[in-house]
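Colleague: I have a structure here, written as structure tokens, and I will follow up with some questions on it.
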Amino acid sequence: MIPIGELSRRTGVHIETIRFYERSGVLPEAQRSESGRRLYGDADVRRLTFIRHARQLGFELDAIRTMLALQEQPDASCGTVDALARQQLVAVDARIAQLTALRGELTRMIDTCAGGSVGACRIIEALAEPTALSPATAEPCSPSCAAAS
């Protein structure tokens with residue numbers, strides 16, 4: 001059994017995040033030593049490593065809970081896990097499209113910079129101009145939204 005600090009070092013997950021995962025139920029509540037310190041075993045290391053990797057891939061905690069529950073049923077179909085992974089891929093593609101639009105806007109602003117004084121800075125001016133990005137979400141507008149701006 002290892003204390004929370006060692007679990008954190010082995011998995012790369014911050015101590016407060018480990019405690020959060022316990023409170024949210026994706027990581028079982030730790031055993032306690034006689035002095036009340038949290039103690040973890042190899043199964044906890046594996047589970048937390050799984051959670052960390054899933055979070056790095058952008059999965060939400062509900063999806064991770066589902067996958068962890070399915071992990072306990074090795075003979076069950078992996079259709080649900082496949083569907084979750086496909087949904088996450090769609091979300092990643094959408095985020096890439098959003099970031100590409102943001103990159104284009106930043107590039108346009110930088111390309112107009114003459115390198116003079118802040119008073120004549122084209123980047124400062126461009127930030128005040130309407131764009132084809134919707135103001136609330138910084139996502140590309142629909143054609144009708146862009147035409148209205």
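Colleague: Could you give the length gained on full extension between Glu34 and Leu106, defined as 0.36 nm per residue of separation minus the Cα-Cα distance, in nm? Before the final figure, lay out the partial values.
Modeller: Working: separation 72, 0.36 × 72 = 25.92 nm, distance 5.64 nm.
Extending this stretch completely gives an extra 20.3 nm.
Colleague: Which whole-number percentage describes the relative contact order of the chain, with Cα contacts under 8 Å and a sequence gap of 6 or more?
Modeller: Numbers: 97 pairs, mean separation 20.6, N = 149.
Once normalised by length, the contact order is 14 percent.
Colleague: In the chain, which whole DSSP H runs stretch at least 18 Å along their own axis (Cα) and average -0.5 or higher on the Kyte-Doolittle scale?
Modeller: Working: long enough: 42-56 (21 Å, -0.90); 79-111 (47 Å, 0.24).
Length and hydropathy pass: 79-111.
Colleague: Can you put Thr17, Thr11, Thr107 in order, fewest other beta carbons within 10 Å first?
Modeller: On the way: Thr17 17, Thr11 21, Thr107 10.
With the sparsest Cβ surroundings first, the list reads Thr107, Thr17, Thr11.
Colleague: Another question about this same structure. What's the exposure ranking of Glu72, Glu105, Glu125, going from fewest to most Cβ atoms within 10 Å?
Modeller: Glu72, Glu125, Glu105
Colleague: Mean separation of Cα pairs under 8 Å and 6+ residues apart, divided by the residue count of segment 2-71: what relative contact order is that in percent?
Modeller: Values: 52 pairs, mean separation 21.8, N = 70.
Reported as a whole number, the value is 31 percent.
Colleague: For the residue pair Cys78 and Ala91, what label-to-label distance in nm results when each label sits 7 Å from Cα along the Cα-to-beta-carbon direction?
Modeller: A separation of 2.0 nm, rounded to one decimal place.
Colleague: Can you give the extra length, in nm with one decimal, that the chain gains between Thr49 and Arg122 once fully stretched, where that is 0.36 nm per residue apart less the Cα-Cα distance? Write out the running numbers ahead of the final one.
Modeller: Values: separation 73, 0.36 × 73 = 26.28 nm, distance 4.65 nm.
That pair, Thr49 and Arg122, stretches by 21.6 nm at full extension.
Read-outs throughout are calculated quantities, based only on the coordinates presented, and are distinct from any laboratory measurement. Here the structure is a predicted model, which is why all the values come from computation and not from measurement. With ideal geometry, Cβ positions are generated from the backbone for all residues, glycine too; neighbour counts draw on all protein chains shown.
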